[in-house]
Amino acid sequence: MSGLVFVAVIGAALLHAAWNALVKGGADKTLSMGAVVIGHLPIALVALPFVPLPAAESLPYLAGGLVLHFGYQLFLLQSYKMGDLTQVYPIARGSAPLIVAVFSVLVLGVHLDGLELLAIAIIGLGIISLALVRQSDGQQNKNAAAFALTTGVFIASYSLVDGVGARIAGTSLGFYCWLSLGNGILMIAYLAARSPQTLRAIPRTGLPILVLGGGASFIAYAVVTWAFTQAPIALVTALRETSIVFALLIGVFFLKEPLNLVKVFSTFSALLGAILLRYARS
């Protein structure tokens, strides 16, 4: 993995943590998530005239990505309703790079050397260990854990589909702009059907999250989609999930959440894995 890709993905991870902190701080998670996703629309619409059209061969991947991203958002919301945030999020994000690595090696035939596999395992296991931070009802709730793990499967799936699709499209930004446009329209349709009052509230109470969270989220995944075309998808996915480290730092230093040994262990595990990824094959 080149230095440019490494720095770009770390920056994307920081932006990912930032918009998640905005969603976490919102009283209405559905409104916050809707505002972030709909916030992609104005950026995508402005960018579309200036980016190439994706190759026609990438359209099945674009359609698959739309379904997977929307499924991820719905399952993530349901997970948060059933379980604790500090347990659901690590299970979902930590399981994804492990699933992607296994699929890449066994199905796609991608070769990862021993150091890269070790780095992915360290990052994934370190993040998942955050599920032990609090022994609350969320951790004991098997349904919440199952939904969180399913969310991780969606993350792994859309990472693989988007990574391959962006390569075939010949334009990572063009591919992602159309993906964002479709995803935003799907979210509007979903909220209009299931919670019209939430949709109406977004311009009034969700505008800061729409602008700041939507902007951060769009930029973060645009960078990740580009990185998928520059490095193995499994490595990019693993490095991206170090976002949980930034989320922890934001929680401790800005939200004044308590720090404990499990959080310290997880942080250093993710950082060690990131360092190993940076220097693997260098």
Item checked: Residues whose placed amide H lies under 5 Å from that of Q230, excluding near-sequence neighbours -> none
Check: Taking only DSSP H segments of four or more residues, each worth -39500 (n - 2.57), what value at 222 nm results for the chain once the sum is divided by all its residues, to the nearest 500 deg cm²/dmol?
Finding: -26000 deg cm²/dmol
Next item on the list: Name the most mobile residue of L125, L115, L149, meaning the one with the largest mean-square fluctuation, in a Gaussian network model of the chain with Cα contacts below 10 Å.
Entry: L115
Next item on the list: Enumerate the calculated ³J(HN,Hα) couplings along the stretch 109-121 in order (Karplus 6.51 cos²θ - 1.76 cosθ + 1.60, θ = phi - 60°), each rounded to whole Hz, writing x wherever the residue is Gly or Pro.
Entry: x, 6, 8, 10, 6, x, 5, 5, 5, 5, 4, 4, 5
Margin query: Can you work out the Karplus-derived ³J(HN,Hα) for every residue in the stretch 180-192? Use 6.51 cos²θ - 1.76 cosθ + 1.60 with θ = phi - 60°, whole Hz, and x for glycine or proline.
Written below: 5, 4, x, 5, x, 5, 4, 5, 4, 5, 5, 5, 4
Check: Restricting attention to the stretch 215-274, which trypsin sites (Lys or Arg not before Pro) occupy a DSSP loop and are surrounded by at most 15 other Cβ atoms within 10 Å?
Finding: K256
Checklist line | ³J(HN,Hα), Karplus 6.51/-1.76/1.60, whole Hz, each residue of the stretch 59-73, x for Gly, Pro | finding: 4, x, 6, 5, 5, x, x, 4, 4, 5, 5, 5, x, 4, 5
Item checked: Identified option (computed Cα extents along the principal axes in Å; candidates (i) 47, 45, 31; (ii) 75, 66, 32; (iii) 59, 46, 32) -> (i)
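Bear in mind these aren't lab numbers, they're just calculated from the coordinates by the rules spelled out. Quantities reported herein were computed from a predicted structural model and do not represent experimental measurements. Quick reminder, even Gly has a Cβ in these numbers, built from the backbone with ideal geometry, and neighbours come from all protein chains shown.
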